[in-house]
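The values are calculated or read from the model by the stated rules, or taken from the named source; none is laboratory data. Nothing here was measured: the structure is a model prediction, and the numbers come from that model. Backbone-built Cβ (ideal geometry, glycine too); neighbour counts: all protein chains shown.
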Amino acid sequence: MRIAFICTEKLTVPPIRGGAIQILIDGIAPYISEKHELTIYCITDPELPDQEIRNGIEYIRIPREDYNIGVAKQLLRRYHMKQAYDLIHVYNRPRDILLYKSAIPDSRFVVSLHNEMFRESKISAEMGNLAIRAVDQIMSISNYIGRTIVTRFPSARTKVRTVYSGINLNLYKPIWSEEAQSRRDELRRHYGVTEKKVILFVGRLSEVKGPHILIQAMEQVIQEHEDAALLIIGSKWFSDDGMDAYNLGIRRLAESLGEGRVVFTKFIVPSEIPSHFLIGDIFVCSSQWQEPLARVHYEAMGAGLPIITTNRGGNAEVIKSGDNGIVIDDYNNPDAFGTAINSLLSNRSEAMRLGKAARATAEIRFGFEHAAERFEGLYRSAMRRRK
């Protein structure tokens, strides 16, 4: 088949600036392109050519300004040249479906939802219903996101299908493996946590991600584990290390715990993220909002870290409490996090059991090769639907 991926207008592919959608596209693309002719549409970037063929995949990069119009023009050109795509996968932009469909009417369409893009503030009831009728399949990144679609638009029920993301299992080494030790030791020295029990947070530094809750929890943790430290990897917004009121506030909160208790790395380029998971002894996702399903869970699984997460949105769909991690219901209570962290720091065998179970889960279900198989199934279903 001829397949096109249409990325969002936020970040480019390959994911040199980060982005969960961009990382997913980049991860599954080699597997999809083995069987199909693949074109990826994304925004331009000063470090990348506007058009290129890389590893057999065609990349067409269009300026962020009027991005959807630019993509539609490219689709129309392909249509007139009798080079239409058999299937077009639009990522996280259901509002653009009708524009693209008008440009290339004979193609099958899949739209994937990575956030609540069918809520009232994102799309009108009329536009939502038209988009649902226009597509052949609707992919949701979690059951939670699928439910938010069907709750508002019951007509979408027969088209919605959950397809979980994944990671490159070759890049994520478990912390206990011999090949991980030198890099783990190097990074721990770099951040001054060589002799520490490291609690790891990776994500945007925003209130909805809850790093302030985790910093507050450290007050309880260090009372029981004097050698514990919290390492916070991330920035205000992807590669933006700027300070806003929230970021200044959490740094003041961290300073109140004493020197070396909380370490901020600022932005880490996406290519370095897999190795940075090796620094941790425990990974904590402190999300306060209804998280679609944060990809950091897959990454922490790949590193074989015991995981503590919140029962918000889709998080608990891949982390099962007592099985491959700990799920906290009392998500905005620092004491709940402190208790869970202390429990794992005091019981190394249980922490290791959960970490190994997490890694096994990733190896069985959440490699990019597994995600690509799920995408293939989605595309076959879309091609089978009656027009």
Item to check | Selection count where residues are closer than 26 Å to Ala357 by Cβ, over 19 Å from the mean Cα position of the chain (by Cα) and β-branched (Val, Ile, Thr), scope region 258-281 | outcome: 1
Checklist entry - So which of Leu76, Leu24 is surrounded by fewer than 16 Cβ atoms within 10 Å (Cβ to Cβ), in contact (Cβ under 8 Å) with a residue 12 or more places away in the chain and assigned to a helix (DSSP H, G or I)? => result Leu76
Item to check | region 295-321, residues that are free of Cβ contacts under 8 Å to residues at least 12 places away in the same chain and among the small types (Gly, Ala, Ser) | outcome: Ala316, Ser321
Next on the checklist: Tell me whether region 39-59 contains one or more residues that are farther than 22 Å from Gly166 by Cα and of a type in the set (S, T, N, Q).
Outcome noted: yes
Next on the checklist: So the check is Cβ under 6 Å with 6+ separation or different chains; which pairs have a first residue in region 108-119 that's farther than 17 Å from Phe5 by Cβ and surrounded by fewer than 21 Cβ atoms within 10 Å (Cβ to Cβ) and a second one that's modelled with pLDDT of 95 or more and of a type in the set (Val, Ile, Thr)?
Outcome noted: Glu116/Thr148
Next on the checklist: So, restricting to strands (runs of 3 or more DSSP E) that lie completely within region 89-179, which ones have at least 2 residues that are among the aliphatic types (A, V, I, L, M)?
Outcome noted: 108-113, 137-140
Item to check | Candidate set: region 10-21, residues that are touching a Phe, Trp or Tyr at 6+ places or on another chain (Cβ under 9 Å) and touching a residue at least 60 places away in the same chain (Cβ under 8 Å); chosen: the one farthest from Lys236 (Cα to Cα) | outcome: Ile21
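Residues that are without any contact (Cβ under 8 Å) to a residue 24 or more places away in the chain and either surrounded by fewer than 16 Cβ atoms within 10 Å (Cβ to Cβ) or out of contact with any helix residue (DSSP H, G or I) (no Cβ under 6 Å at 6 or more places or on another chain) (or both), at least 2 per element: which helices (runs of 4 or more DSSP H) completely within region 193-294 meet that? Before the answer, list the steps.
Numbers: elements: 211-224, 245-255, 273-276.
Because the criterion is at least 2 residues that are without any contact (Cβ under 8 Å) to a residue 24 or more places away in the chain and either surrounded by fewer than 16 Cβ atoms within 10 Å (Cβ to Cβ) or out of contact with any helix residue (DSSP H, G or I) (no Cβ under 6 Å at 6 or more places or on another chain) (or both), the helices (runs of 4 or more DSSP H) in region 193-294 that meet it are 245-255.
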Next on the checklist: Cβ-Cβ under 6 Å, sequence separation 6+ or interchain: first residue in region 44-69 and in a loop (DSSP other than H, G, I, E, B) and surrounded by fewer than 15 Cβ atoms within 10 Å (Cβ to Cβ), partner at pLDDT 95 or above and of a type in the set (Lys, Arg). Which pairs?
Outcome noted: Asp50/Arg61
Checklist entry - Would you pick out the residues in region 79-98 that are free of Cβ contacts under 8 Å to residues at least 40 places away in the same chain, within 27 Å of the chain's Cα centre (by Cα) and farther than 30 Å from Arg312 by Cα? => result Leu98
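Condition check ((1) in contact with a Gly (Cβ under 7 Å, 6 or more places away or on another chain); (2) assigned to a helix (DSSP H, G or I); (3) crowded, with 24+ Cβ neighbours inside 10 Å; (4) not polar (S, T, N, Q)) across all residues:
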residue	(1), (2), (3), (4)
Ile319	yes, no, yes, yes
Val327	no, no, no, yes
Asp335	no, yes, no, yes
Ala340	no, yes, no, yes
Leu345	no, yes, no, yes
Ala357	no, yes, no, yes
Ala362	yes, yes, yes, yes
Glu376	no, yes, no, yes
Ser381	no, yes, no, no
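Restricting attention to region 44-67, does a residue exist that is of a type in the set (S, T, N, Q) and more than 23 Å from the chain's Cα centre (by Cα)? Quick ask: steps written out before the conclusion?
Step one: filter region 44-67 for residues of a type in the set (S, T, N, Q), giving 44, 51, 55.
Next, from what is left, pick out any that are more than 23 Å from the chain's Cα centre (by Cα): 51, 55.
Yes: one or more hits.
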Checklist entry - Out of (1) in contact with a strand residue (DSSP E or B) (Cβ under 7 Å, 6 or more places away or on another chain); (2) modelled with pLDDT under 95, what's the single condition that is false for Arg386? => result (1)
